[in-house]
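Peer 1: Below you will find the structure I want to go over with you.
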Amino acid sequence: MRTFWYHIMALVTIVIWGTTFVSTKILLQHGLSPTEILLYRFLLAYLSIWFFSPKRLLANTWKDEALLLAAGICGGSLYFMAENSALKITLASNVSLILCTTPILTAFLTRLTDRTEHLKKQLFYGSVIALIGVALVIFNGNFILKINPLGDCLTIIAALMWGCYSILLKRLDKKYGVLFITRKVFFYGIITMLPIFAFSSSQLHLAKLNQPIVIFNLIFLGLIASMLCYIMWSTSVKKLGVIRTTNYIYIVPLVTLITSAIVIDETITYIASIGSVFILFGVYIAEQGEKLKSLHLKRRK
C-alpha cells in the first residue's frame, strides 16, 4: 500500500504523455516547428518550477553538476531531437513500436551500470507479452512495417536516452530533491537545444503566440506534460525504482489508441483490443517479477 500512490503517479504521467500528440499536432498545424514547440514547452516549465524549487543554483560538486547536464541532454534535448528527427524520415508506427522497447533497454542498462541488479525472468516474459500487445495496438489491424535504417536508429537512440535519463535520476535522487533535479534538467535541456536554432533553418514564430489555441496547448505541454509529469516521473523512479517505473511506458500506445478514438474518431479494431489485453497482462507479469525481487532483497537485509 505504501507504493500504491507512486504507481498511480507513474500511470497518470504515462496517460498524460500518451495524449500530448494531440496538442503537438494542433501546434504543428498552426505553423510552429517541432523544435520551437519543445523550446517553449521547456521554457515555460523551467520558469514555472522556480516558484516551488529550492533557489540554489549549483549542485554540491562539479561531478554532480555534470550528471545533471547529462540528464538534461538524455531526458531533454537529445531525446526529443532524436525522436522528432525519426518521425520525419520513418513511419510513426516504427517510432512508436521501437520507443516501447525502452523498458527492456533500461533493464539491460541498469544491469550494466549496477552489477548488484539482478533481472527476474518475469521481467523478460512480461516485456515480450507487452511488446506483442504494443505491436497489435500500433498497427491496429493494418500491418505496415518499412525498415528505415537511419530513422529506426534514431528511435533506438531516443529509447536509450530515456533509459539513461531514468538511471541518472536514480543516482541523483540520493543527494538532491526532485524539484531541484527537474529544474536543472529543464535548464540544461534548453541550453543544449539552443544551438539547433543557430545551425538549422528552425525559426521562432512569436507572432503566433497571441492565438488562444496556441497558448492553451503550450500551457498544457509546458505546465502539465513537462513540469508536473517530469516531477511525478522523478518521484516514481525514486520510490519504485527505474525498472518498475519504466515498465509503464508499454501503456503509452494504449492511451494513444483510446485518445485517437475519442478525439479524432479512429476505429479500434478487435486486433487492437486483443493487443490492449496483452499490454496490460505483460505489464502485470513484469511488475510481479520486480515485486518478487524487492521482497527477496528485503528478506536478505
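Only the coordinates and a few stated rules stand behind these numbers; no lab work does. This structure is a prediction, so every number in the text was calculated from the model and none was measured. Neighbour counts run over all protein chains shown; Cβ positions are idealised from the backbone, glycine included.
Peer 1: Could you compute Rg(Cα) / (2.2 N^0.38 Å) for the stretch 155-261, with N its residue count? Before the final figure, lay out the partial values.
Peer 2: On the way: Rg = 16.3 Å, N = 107, 2.2 N^0.38 = 13.0 Å.
That ratio works out to 1.26.
Peer 1: What does the charge count near residue 174 come to, summing +1 for each Lys or Arg and -1 for each Asp or Glu among other residues with Cβ under 11 Å from its Cβ?
Peer 2: +2
Peer 1: Let me ask something else about it. Can you give the Rg/Rh ratio of the stretch 45-92, where Rg is from the C-alpha atoms and Rh is the Kirkwood radius?
Peer 2: 1.16
Peer 1: Next question, about the same structure. Filter the cross-link list 63/170; 175/238; 121/238; 121/174 down to pairs whose alpha-carbon distance in this structure exceeds 18 Å.
Peer 2: Too far apart for the 18 Å limit: 121/238; 121/174.
Peer 1: Same structure again: Please give the direction-averaged projected area of the C-alpha convex hull for the stretch 172-213, in square nanometres with one decimal.
Peer 2: 4.7
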